[in-house]
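The values are calculated or read from the model by the stated rules, or taken from the named source; none is laboratory data. Remember, predicted model here, so these are calculated numbers, not experimental data. Positions of Cβ are backbone-derived with ideal geometry, glycine not excepted, and every protein chain shown enters the neighbour counts. Note: areas computed on protein heavy atoms with side chains; ligands, DNA, RNA excluded. Shrake-Rupley method; radii C 1.70, N 1.55, O 1.52, S 1.80 Å.
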Amino acid sequence: MLESGLVEDGMRRGLAIARRGPSTTPNPQVGCVLLDREGRIVAEGWHRGAGTPHAEVDALARLSADWRARAGELTAVVTLEPCNHTGRTGPCAAALVDAGVGAVAYALSDPGDASSGGAETLRAAGVEVRGGVLADEARELLGPWLAAQLGAAQAAA
């Protein structure tokens, strides 16, 4: 995994591009940047709304053929733990594993009952994982979505 300063720089960029996504949908605003070993961004993506590719899949789709062949050298930096379920789109954790990404850093754990667990899936596949990167900044962006998610979970309990 990259050193903390480079991962934090990547997360700041991820948070910035996440804001491009709609803030009034049932889905969170999520950004993803793929960093090389020197911390340079080689691809980035964000979630554009319900039913569209999630940020991780969007970023992976933007990789050059050369980087696809060398994905093990990359660190994916994501504003929310990669999802672990299939809905209108497939699980992002599986997409990162299938692409061969070497490491994943994320800000906040996914609170969803069905969608959480991506970090465990990644670790089980041998991907290095680190959570909690710039969590306070991500919580500020995702606050309304998190409140809705946690409120729904508490109401169902």
Next on the checklist: Only Cα pairs within less than 10 Å get springs; with that Gaussian network setup on the chain, which residue of Glu81, Glu44, Glu140 has the largest fluctuation?
Outcome noted: Glu140
Checklist entry - Just by accessible area at a 1.4 angstrom probe, what is the order of Thr86, Thr52, Thr75 from largest to smallest? => result Thr86, Thr52, Thr75
Checklist entry - In nm, what is the difference between 0.36 nm times the number of residues separating Arg20 and Ala147 and their Cα-Cα distance? => result 43.7 nm
Checklist entry - What whole-number value in cubic angstrom gives the convex hull volume per residue for the C-alpha atoms of the chain? => result 96 Å³
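For the chain, list the DSSP H helices whose alpha carbon atoms reach 24 Å or more along the long axis and whose average Kyte-Doolittle value is 0.5 or above?
Flagged H segments: there are none.
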Checklist outcome for this item: If unit charges are put on Cβ atoms (+1 for Lys and Arg, -1 for Asp and Glu) and the dipole of the chain is taken about its Cα centre, the option from Ser4, Leu35, Val133 lying farthest towards the positive end turns out to be Leu35
Checklist entry - How big is the accessible area of Arg19 in square angstrom, nearest 10, if you roll a 1.4 angstrom probe over the protein chains? => result 120 Å²
Next on the checklist: Take Ala124 and Ser4, extend 7 Å from each Cα along the Cα→Cβ direction, and tell me the distance between the two endpoints in nm.
Outcome noted: 3.1 nm
Checklist entry - With charges set only on the Cβ (+1 for Lys and Arg, -1 for Asp and Glu), what does the dipole of the chain come to about its Cα centre, in debye to the nearest 20? => result 400 debye
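Determine the relative contact order of region 4-147: mean sequence separation of Cα pairs under 8 Å and six or more apart, normalised by residue count, in whole percent. Spell out each step's value before the answer.
Values: 316 pairs, mean separation 30.8, N = 144.
Relative CO of region 4-147 lands at 21 percent.
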Next on the checklist: How large a share of the accessible area of the chain, in percent, is made up of carbon and sulfur atoms when the probe is 1.4 Å and the other protein chains stay in place?
Outcome noted: 50 percent
Checklist outcome for this item: Counting Lys and Arg as +1 and Asp and Glu as -1 over every other residue whose Cβ sits under 12 Å from the Cβ of Leu34, the net charge comes to +1
Item to check | For the chain, calculated [θ]222 nm from helices alone, where every DSSP H run of n ≥ 4 adds -39500 (n - 2.57) | outcome: -12000 deg cm²/dmol
Checklist outcome for this item: Residues other than Ala135 with Cβ under 12 Å of its Cβ, Lys/Arg counted +1 and Asp/Glu -1, net out at -3
Checklist entry - Can you pull the percent of Cα pairs in region 24-67 with separation above 18 Å? => result 31 percent
Item to check | Inter-label distance, nm, simple model (7 Å from Cα along the C-beta direction), Arg12/Glu73 | outcome: 2.5 nm
Item to check | Tensor-based shape of region 1-75 (alpha-carbon gyration tensor, a/c under 1.5 rounded, otherwise prolate or oblate) | outcome: oblate
Next on the checklist: Just want to confirm a number: the relative contact order over region 1-51, from Cα pairs under 8 angstrom separated by 6+ residues, in percent.
Outcome noted: 36 percent
